[in-house]
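The values are calculated or read from the model by the stated rules, or taken from the named source; none is laboratory data. Bear in mind that the values here come from a model prediction, so they are computed numbers and not experimental data. Here the Cβ is made from the backbone with ideal geometry for all residues, glycine too, and neighbour counts use every protein chain on show.
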Amino acid sequence: MIEAQSLTRYYDRTVAVEDVSFSIGDNQIVGLLGHNGAGKTTIMRMLSGYLEPTAGRVRVDGIDMATGAQLIQRRLGYLPENLPLYADMMVADYLEYAAALKGLKRDRRLQAVRAAVNATDLAEHALQRIATLSRGLRQRVGVAQAILGKPRLLILDEPTNGLDPEQTGHMRGLIQRLARQATVILSTHIMQEVDAICDRVLVVRRGRIALDKPMAELHHSRTLLLHTDGKVAELVTYLRRMPQVASLQELDSRGDQRHFTLVLHERADIDTAANNIARCVIQAGARLYQLQPVVQGLETVFREVNRDGR
């Protein structure tokens with residue numbers, strides 16, 4: 001669907017983005033994370049054709065952005081962080097104007113505006129002037145203009161900015177529905193948002209891609225936390241002999257209770273390993289109080305990626 005090759009962007013002598021490459025398939029929701037100034041917005045502007053790269057290229061559906069920007073932009077919906085809205089226009093008029101700018105033919109504009117208004121729950125505000133709307137409603141107008149004409153690629157910069165919890169939930173559901181027909185690139189500061197709806201995460205650090213992983217792989221754990229009693233002195237020896245266990249560490253233990261972390265080998269099946277570990281503990285004569293995977297949250301991974309500064 002979309003391919004970025006060695007994207008680089010300078011502002012005067014300052015490198016904002018350097019040698020960024022990735023490809024995204026159809027109907028994926030990809031989260032773009034990074035500290036302020038990491039280069040996320042610059043990447044999105046280059047992907048949308050709003051900003052030319054100093055070096056590198058962008059291709060969408062096989063079309064090169066350098067030679068086919070207009071064709072790509074007709075298939076693309078873009079919500080920048082600070083969307084310029086015409087405050088004196090009514091919502092419906094603004095969306096019709098945006099549809100015209102996107103190149104939608106006159107006979108399709110009314111249908112496209114109606115679909116965008118309904119999708120973003122703006123029907124009761126369609127005849128209001130944008131100046132009278134709350135920040136959250138203005139954000140929804142921005143999303144509505146982005147989805148006009150059912151674009152194949154959606155680039156959304158902080159789409160839930162200014163929304164209350166109920167509106168945020170509605171927006172997440174909308175993005176998931178849109179992904180049935182479009183590829184979505186979502187920039188956000190809210191880790192829970194990426195966890196909730198994204199298939200994959202790209203973490204940008206100092207203008208480069210520092211992490212690119214599917215969410216399922218990110219949450220996959222090879223570490224188990226084991227909590228037993230202290231009756232069997234040889235338990236550590238028994239556990240170390242297990243073929244699935246790559247390493248074992250005993251944590252601080254109190255009284256007659258013992259806590260361990262066990263890291264499994266790369267190819268070990270976690271369910272099979274957990275079953276074998278539980279049987280080992282019981283057969284050794286110890287009590288099994290707890291055995292569970294240690295799953296890293298996205299916030300933990302993000303902190304580790306940015307551990308030595310921004």
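For region 273-310, residues that are within 20 Å of His35 (Cα to Cα) and touching a Lys or Arg at 6+ places or on another chain (Cβ under 8 Å) total 3. Of the residues Gly162, Gly77, Gly142, the single one that is outside any helix (DSSP H, G or I), surrounded by 13 or more Cβ atoms within 10 Å (Cβ to Cβ) and modelled with pLDDT of 90 or more is Gly77. Within region 212-221, is there a residue that is modelled with pLDDT under 85 and of a type in the set (S, T, N, Q)? Yes, that holds for at least one residue. Here the strands (runs of 3 or more DSSP E) wholly within region 200-288 that include at least 1 residues being farther than 24 Å from Asn306 by Cβ and among the hydrophobic types (A, V, I, L, M, F, W, C) are 223-229, 245-250, 257-264. Checking region 256-276 against the condition returns no match, with no residue being surrounded by fewer than 17 Cβ atoms within 10 Å (Cβ to Cβ), on the phi > 0 side of the Ramachandran plot and outside the structural domain of Ile190 (by TED's automatic domain parsing). The residues in region 280-302 that are within 21 Å of Gln249 (Cβ to Cβ) and free of Cβ contacts under 8 Å to residues at least 24 places away in the same chain can be counted, and the count is 1. The residue list Ile197, Ile209 contains one member that is over 27 Å from Ser6 (Cα atoms), assigned by TED's automatic domain parsing to the domain that holds Glu81 and modelled with pLDDT of 90 or more, which is Ile197. Go through the residues of region 112-132 one by one and say whether even a single one is within 22 Å of Met44 (Cβ to Cβ), buried (at least 20 other Cβ atoms within 10 Å of the Cβ) and touching a residue at least 60 places away in the same chain (Cβ under 8 Å). The answer is no; no qualifying residue exists. Would you check which residues across region 204-241 are touching a residue at least 24 places away in the same chain (Cβ under 8 Å) and hydroxyl-bearing (Ser, Thr, Tyr) and list them? Residues satisfying the conditions are Ser221, Thr223, Thr228, Tyr238.
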